[in-house]
Amino acid sequence: MKRLLSLAILLSSLAPLHINSAVAKDAFPECQSEEVLEKIAKRFNKTEEIYWEDRGLVLDAVINPHLHNENAFPQSPINRRYCHGDAVFVNGKQRRIHFLIEEGAGFAGFTWNVEYCIHGLDPDKYHDGRCRVLSQ
């Protein structure tokens, strides 16, 4: 276990070093990326199943995804894409969704991460009530 932890620490310290910037840029997805949209749906549906099963919501798709802002905080070393779109549920309802794609913020800093917020479905106000944290 100590070896694995040491390896993770070592790898995360190397994350900011991009040897091939073309590869690094290609690895940072756009708002319309199927991989990003599928990750949001999978995470939302799993969270609903575990924590909010009484709401009965199933996210079917994110439509009209588009870039709203890029690198809202230029002093940060992490590239960010702030995206908007519409979350479509299997019951036909739609809600506004905001999501943030962060480069180098995934496992050990080697991949990207996505955070999302759907209007009206953030009861703990994790993203500041009306998703203001992700709607830069």
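The values are calculated or read from the model by the stated rules, or taken from the named source; none is laboratory data. As the structure is a prediction and not an experimental result, all values here were calculated from the model. With ideal geometry, Cβ positions are generated from the backbone for all residues, glycine too; neighbour counts draw on all protein chains shown.
Tabulated data
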{"quantity": "Subset tally (residues that are of a type outside the set (A, V, I, L, M, F, W, C), modelled with pLDDT of 90 or more and within 23 Å of Ala27 (Cα to Cα)) for the stretch 114-136", "calculated": "2"}
{"quantity": "Enumeration of residues in the stretch 124-136 that are assigned to a loop (DSSP other than H, G, I, E, B) and touching a residue at least 40 places away in the same chain (Cβ under 8 Å)", "calculated": "Ser135, Gln136"}
{"quantity": "Test result for Val88, without any contact (Cβ under 8 Å) to a residue 40 or more places away in the chain, among the aliphatic types (A, V, I, L, M) and within 21 Å of Gly56 (Cα to Cα)", "calculated": "yes"}
{"quantity": "Any chance Asn69 is touching a Gly at 6+ places or on another chain (Cβ under 8 Å), of a type in the set (S, T, N, Q) and under 22 Å from Trp112 (Cβ atoms)", "calculated": "no"}
